Amino acid sequence: MTEKPLASRSCVALLSLAASVSQLACSADQAATWATVRYAVTPGATPDGRPLSDGLSYLRLTVNGVPAIVALGYVDRDPFGRPVHVWYSSAGEVMRTQAGRLVGLVGTPVEWRQVALAQDTPEWAEIAQPTSFRRTLDVSPGYQWGLQHDLTVQPAPAPADTALSHLAPEQLRWFAEHEQHSRALPARYAMSSSTGQVVYGEQCLAPTFCLTWQTWPPTQP
């Protein structure tokens, strides 16, 4: 990815996905929200570029090491009532996060659609030892529907190799997550001790397609 939106699609393209990917589709209200985000995050916007518009929440992404910005469009709910944050790039790609984990991505070379975390997914503050839960998702390309990932998450030491910006890894509390049967690539997360919220995450969707995301501006540890 260059310092441009995640891809060149618009919300019109996302609307065409509505029949098969209703969870990630744009309603009329969501399309209006995207229009606001598009105004706030211009193509090529990066964290060290021009000031971002007030009144929105942002994530600093890196995609294969290249930085970009996405903005929060709205907060959805999963079937258990848990909040899901829906983020937009300036071109209308949609990224969904839940408690700091990636739970949806559309408009990119690899897409995660209809991602669901099990009801017993642990709260971050409760993780003191290896803890297991399940993730179910659809992946494209390849028409892989209803995949089940049996995940284990546990505390981990602060790594030296991160894409964190303006924060030192040792200032945060770290977690490592892996799939028990090697059906998915591992992930890492960092939590702010002061807020109890995940402020940084890493996930590869494929060996050649890796994301990191960080709350922006940086959250104080």
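The values are calculated or read from the model by the stated rules, or taken from the named source; none is laboratory data. Note that this is a predicted model, so its numbers are computed, not measured. FYI the Cβ positions are ideal-geometry reconstructions off the backbone, even for glycines, and counts take in every protein chain you see. For accessibility, only protein heavy atoms count, side chains too; no ligands or nucleic acids. Shrake-Rupley method; radii C 1.70, N 1.55, O 1.52, S 1.80 Å.
Taking label points 7 Å from Cα along the Cα-to-Cβ direction, residue 168 and residue 148 give a separation of 4.5 nm. Using equal-weight Cα scatterers in the Debye expression, the normalised intensity of the stretch 118-174 in log10 at q = 0.24 Å⁻¹ is -0.93. Both radii come from the Cα set of the stretch 167-221: Rg as radius of gyration, Rh as Kirkwood radius; their ratio Rg/Rh reads 1.03.
In terms of the mean number of neighbouring beta-carbon atoms within 10 Å, the peptides 152-161, 66-75 order highest first as 66-75, 152-161. Between residue 123 and residue 66, the distance separating the two model label sites (each 7 Å from Cα on the Cα→Cβ line) works out to 4.0 nm. In the calculated pair-distance distribution of the stretch 79-221, the portion above 25 angstrom amounts to 25 percent of the Cα-Cα pairs. For the stretch 64-129, build the charge dipole from Cβ charges (+1 Lys, Arg; -1 Asp, Glu) around the Cα centre, then report which of 80, 65, 127 sits farthest towards its positive end. Among 80, 65, 127, the one farthest towards the positive end of the dipole of the stretch 64-129 is 65.
Segment residue 132..residue 195, full-extension length gain: 20.3 nm, with 0.36 nm per residue of separation and the alpha-carbon distance subtracted.
Database remark: amide H of residue 73 closer than 5 angstrom to the amide H of 86, 87, 88 (H placed geometrically; neighbours at sequence offset of 5 or more, or on other chains; Pro and chain starts carry no H). Each of residue 180 and residue 208 was given a label point 7 Å from its Cα along the Cα-to-Cβ line. The distance between the two points is 3.3 nm. Summed over the residues of the stretch 64-221 and divided among them, the accessible surface reaches 43 Å² per residue at a probe radius of 1.4 Å.
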